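Student: What follows is a structure written as structure tokens; I'll ask about it next.
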Amino acid sequence: MKRVALILGMAAAPAWAAPVCEMGGAEPVGIFEQAKESFLHREFDDFVEVAAAIMPKKAADAVTQELQKLDGMLPEGFDSCQTIVQRRDAGGMVQEVITFNVRGKEFPISLYLQGTPVRGKMIVSYLSFHTTMSKVLEQLK
């Protein structure tokens, strides 16, 4: 039910609504904002449903398992996040790297999202996350 409310809330939100994470001048992407909201609040089931929607079940299950490990490392959760890279291609692909600041830790968790327009709708076509930012930055195309 919480997921439905989140999705409906995002769909009903005006285009000028504040993004979930600091954007540094980048333009928010709706599906990314939904994913970032879930990740920030450690609602990892919702995150997988939004961000891994097109993945085969086996791949989505692997993401869920990795998120469960990550959740065990984050007893205090996140206190903020920022989009540090956004790339937009002429064909419509969008890439973002987002860092999530872990409460009580000096290192962030980095998240990579790749969005692709399919039949006029933006989908998350690839994602990656890691405790080492350079591992996530390697995903940028």
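Student: Within the stretch 76-87, can one find any residue that is over 11 Å from the mean Cα position of the chain (by Cα), modelled with pLDDT under 95, surrounded by 12 or more Cβ atoms within 10 Å (Cβ to Cβ) and hydrophobic (A, V, I, L, M, F, W, C)?
Tutor: No; the residues of the stretch 76-87 include none that is over 11 Å from the mean Cα position of the chain (by Cα), modelled with pLDDT under 95, surrounded by 12 or more Cβ atoms within 10 Å (Cβ to Cβ) and hydrophobic (A, V, I, L, M, F, W, C).
Student: OK, next. Taking strands (runs of 3 or more DSSP E) that fall entirely within the stretch 66-127, which contain at least 2 residues that are farther than 19 Å from Ser38 by Cβ? Before you say what the answer is, go through the steps one by one.
Tutor: Working: elements: 78-88, 94-102, 108-118.
In the stretch 66-127, 78-88, 108-118 are the strands (runs of 3 or more DSSP E) which contain 2 or more residues that are farther than 19 Å from Ser38 by Cβ.
Student: Among the numbered conditions (1) without any contact (Cβ under 8 Å) to a residue 60 or more places away in the chain; (2) farther than 13 Å from Leu127 by Cα; (3) crowded, with 17+ Cβ neighbours inside 10 Å, tell me where Val29 comes up short.
Tutor: (1)
Student: For the stretch 61-97, name all the residues that are under 14 Å from His41 (Cβ atoms) and among the aliphatic types (A, V, I, L, M). Before you say what the answer is, go through the steps one by one.
Tutor: Taking the stretch 61-97 as the starting set, the residues that turn out to be under 14 Å from His41 (Cβ atoms) are 67, 70-71, 74, 76-81.
Those that are under 14 Å from His41 (Cβ atoms) and among the aliphatic types (A, V, I, L, M): Leu67, Leu70, Leu74.
Student: Being under 24 Å from Glu76 (Cβ atoms) and in contact with a Pro (Cβ under 9 Å, 6 or more places away or on another chain) is the filter here; which residues of the stretch 25-51 pass it?
Tutor: Glu33, Lys36
The rows are residues; the columns are (1) under 10 Å from the mean Cα position of the chain (by Cα); (2) modelled with pLDDT of 90 or more.
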{"position": "Val4", "(1), (2)": "no, no"}
{"position": "Ala11", "(1), (2)": "no, no"}
{"position": "Pro19", "(1), (2)": "no, yes"}
{"position": "Glu27", "(1), (2)": "no, yes"}
{"position": "Phe39", "(1), (2)": "yes, yes"}
{"position": "Asp45", "(1), (2)": "no, yes"}
{"position": "Val48", "(1), (2)": "yes, yes"}
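Student: Continuing with this model, one more query. Any idea which of Ala53, Ala90, Ala60 is surrounded by 14 or more Cβ atoms within 10 Å (Cβ to Cβ), of a type in the set (A, V, I, L, M) and over 17 Å from Met133 (Cβ atoms)?
Tutor: On the way: Ala53 fails: surrounded by 14 or more Cβ atoms within 10 Å (Cβ to Cβ); Ala90 fails: surrounded by 14 or more Cβ atoms within 10 Å (Cβ to Cβ).
Step by step, each of Ala53, Ala90, Ala60 is checked, and only Ala60 is surrounded by 14 or more Cβ atoms within 10 Å (Cβ to Cβ), of a type in the set (A, V, I, L, M) and over 17 Å from Met133 (Cβ atoms).
The values are calculated or read from the model by the stated rules, or taken from the named source; none is laboratory data. This structure is a prediction, so every number in the text was calculated from the model and none was measured. Neighbour counts run over all protein chains shown; Cβ positions are idealised from the backbone, glycine included.
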